[in-house]
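The values are calculated or read from the model by the stated rules, or taken from the named source; none is laboratory data. Note that the coordinates shown come from a computational prediction; the quantities given were computed from them, not determined experimentally. Positions of Cβ are backbone-derived with ideal geometry, glycine not excepted, and every protein chain shown enters the neighbour counts.
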């Protein structure tokens, strides 16, 4: 960020802060740890009763706030700052259709918005509750501001969510460390990451905990590493069987390619704030040591070709090309599912939903939906064996 | 320097200028009255006004006009005392408010309130329709103001401003704060219509108190579902600081739909979002000098 821009940001921010002092709504909020709202779709019939040792289909997906493959300015391949309502509802319908196809019992979503200008103020939690067979949701806001003075972003309410067929009896947000490499004004208007935890009532199977996370992407001060370590520590203290999923913004410890991805620009066009810092895959090793991954490290193999099958992210979609003329395709793994507390995943059930026509975990009908065009992240799937 | 000190210092300077402006007590403001020919009014935040003839004055915000938004307004007296009890004036206005929105910092808001469009600038062919910056807009308005002096100066005003798109496309409203959104409504929401009533009464020779009520309606932007009406109220005071200077201070309140929501819980503990209106309160402050040739 240039000095002029930084000073400008401070001036604008302070001006907004001065104006906001007399308004009834705060300019930005820094969510504290505490209870999170739980929503219910009353039209959804109760799910079938579970056995004492149920197997639940779990899916984790970063849905890019319903933007599908629209290149936003921070992608550095486009200039978009907001969508029309028709774009958002159309994209969300494709997201919902894929969810209906997979029919998860528990769905972990990152980058979901409930009242943001850039996504036409669509309440995505409400839409996905209504458009899927999931009847309960907990929402964990991580970025709430009356007006984000960056590129005209405006009102923002982004977060993570847990949707479930089974009742959510408790939902709690656990604050994560904020970045320390930003000036105070930028930091105030930036995301304030949080771990989302929900407790499910599984009937005869008792209770289980579900976590959703989305750790930092662009810090250069070790924030992401601290956030990942905090998540690991909290899971270590969990007393219920649990599953955790989300976008860790980190490569697996066995990743062959660790830099120079095909959708990185040779010369950054957008702000330096969105340059990818070096990955540190070793920070995920404790998760593989202490918990059960839906996709074990051994499955990745030792070549980029074998690991490609489990890539979950690409900035560019299949209808866009990079500076060398190559169309976008998944090029790195950032999203994961882990289980613990005595629970695990059915062997071989872990999968990444990458393309249309794919059979999820080698099972069922070919996917009719196209994950490659639904978001810049692919869903991760696993069948979770809950062992109370 | 505090505002009061600044006002006092300016008053000292202005006190040396010829011609007393309100030697017979502070005159009411924001009325249909036109400045006398040759009279000029300068303000820190308000416009620079100049009386051209007994029936015509022109005004502009010179600094804003030079750097951010070219603007000019006129006031033409249709009826005025002593021939009539009621003053009535027409007020045409013209401005190009988009200049500030599409200019880079430090003066412009590009990159903060509006997109930078860096990719479009470097690679116009990559995403030709992706730059969501507003095109240039000419805001043309016409107002009608009537004032009746009876116990207080009662001024009613009705005005309409339309944003004429000169280039590009119209962008979405900022949905930021009521005063900002109202100011830029011709740019983002096509039009702004307004009715207002002001009562302005002298308490002493050196103090006036004014109360205003306003209703605005703006056009619908590309994102539906927002109440286009804004209500406003202003309580203001004018303090004479010399024979031709005054300090104005007050507080303005706006009630508008800025897309705010709040969580409400039902009896079973489940939540839902409910749309609520926003309340914005801001202080008003200005220092005004009036002098003549």
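Flag not set for residue B:249, criterion: at pLDDT below 95, more than 10 Å from chain A (Cβ to nearest Cβ) and closer than 26 Å to residue B:50 by Cβ. Across region B:50-73, the qualifying residues are those that are under 30 Å from residue B:167 (Cβ atoms) and surrounded by fewer than 17 Cβ atoms within 10 Å (Cβ to Cβ), and the one among them that is nearest to the chain's Cα centre (by Cα) is B:72. Kindly provide the set of residues from region B:217-246 that are more than 11 Å from every other protein chain (Cβ to nearest Cβ) and within 28 Å of residue A:154 (Cα to Cα), ordered by number. Selection gives B:217, B:218, B:219, B:220, B:227, B:228, B:229, B:230, B:231, B:232, B:233, B:234.
Candidates B:214, B:194: the one that is away from chain A (no Cβ under 14 Å) and either without any contact (Cβ under 8 Å) to a residue 24 or more places away in the chain or over 29 Å from residue B:154 (Cα atoms) (or both) is B:214. On inspection, residue A:378 passes the criterion of being under 22 Å from residue A:256 (Cα atoms) and crowded, with 22+ Cβ neighbours inside 10 Å. Taken together, the residues in region A:80-113 that are within 14 Å of chain B (Cβ to nearest Cβ) and over 17 Å from residue A:319 (Cβ atoms) amount to 9. Of all residues in region B:275-293, those that are facing another protein chain (nearest Cβ under 7 Å) and crowded, with 18+ Cβ neighbours inside 10 Å total 3.
For residue B:263, state whether it is more than 11 Å from chain A (Cβ to nearest Cβ), surrounded by fewer than 17 Cβ atoms within 10 Å (Cβ to Cβ) and at pLDDT 95 or above. Taking the combined requirement at face value, the residue does not satisfy it.
Among the conditions (1) away from chain B (no Cβ under 12 Å); (2) surrounded by 24 or more Cβ atoms within 10 Å (Cβ to Cβ), the only one that residue A:133 does not satisfy is (2). Criterion applied to B:147, B:161 was being modelled with pLDDT of 95 or more and in contact with a helix residue (DSSP H, G or I) (Cβ under 6 Å, 6 or more places away or on another chain), and the one residue passing it is B:161.
Listed here are the residues, each with its yes/no results for (1) touching a strand residue (DSSP E or B) at 6+ places or on another chain (Cβ under 6 Å); (2) free of Cβ contacts under 8 Å to residues at least 60 places away in the same chain; (3) closer than 23 Å to residue B:270 by Cα.
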site: A:165; (1), (2), (3): no, no, yes
site: A:183; (1), (2), (3): no, no, no
site: A:198; (1), (2), (3): yes, no, yes
site: A:206; (1), (2), (3): no, no, yes
site: A:216; (1), (2), (3): no, yes, no
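Using the structure shown, decide if residue B:272 is more than 11 Å from chain A (Cβ to nearest Cβ) and surrounded by fewer than 18 Cβ atoms within 10 Å (Cβ to Cβ). Criteria not met by residue B:272. Just one of the listed residues (A:365, A:361, A:327) is more than 16 Å from residue A:95 (Cα to Cα), touching a strand residue (DSSP E or B) at 6+ places or on another chain (Cβ under 9 Å) and modelled with pLDDT under 95, and it is A:361. Annotation: of all residues in region B:96-119 being assigned to a loop (DSSP other than H, G, I, E, B) and more than 7 Å from every other protein chain (Cβ to nearest Cβ), the one that is surrounded by the most Cβ atoms within 10 Å (Cβ to Cβ) is B:97. Could you please find all residues in region B:217-246 being touching a strand residue (DSSP E or B) at 6+ places or on another chain (Cβ under 8 Å), under 21 Å from residue B:159 (Cβ atoms) and modelled with pLDDT under 95? Listed by number, the list is empty, since nothing qualifies. Restricted to region A:22-54, and to residues that are under 20 Å from residue A:149 (Cβ atoms) and at the interface with chain B (Cβ under 8 Å from one of its Cβ atoms), which residue is modelled with the highest pLDDT? Among them, the one singled out is A:25. In this entry, residue B:135 is excluded by the filter for residues that are under 23 Å from the mean Cα position of the chain (by Cα), in a loop (DSSP other than H, G, I, E, B), more than 9 Å from chain A (Cβ to nearest Cβ) and modelled with pLDDT under 90.
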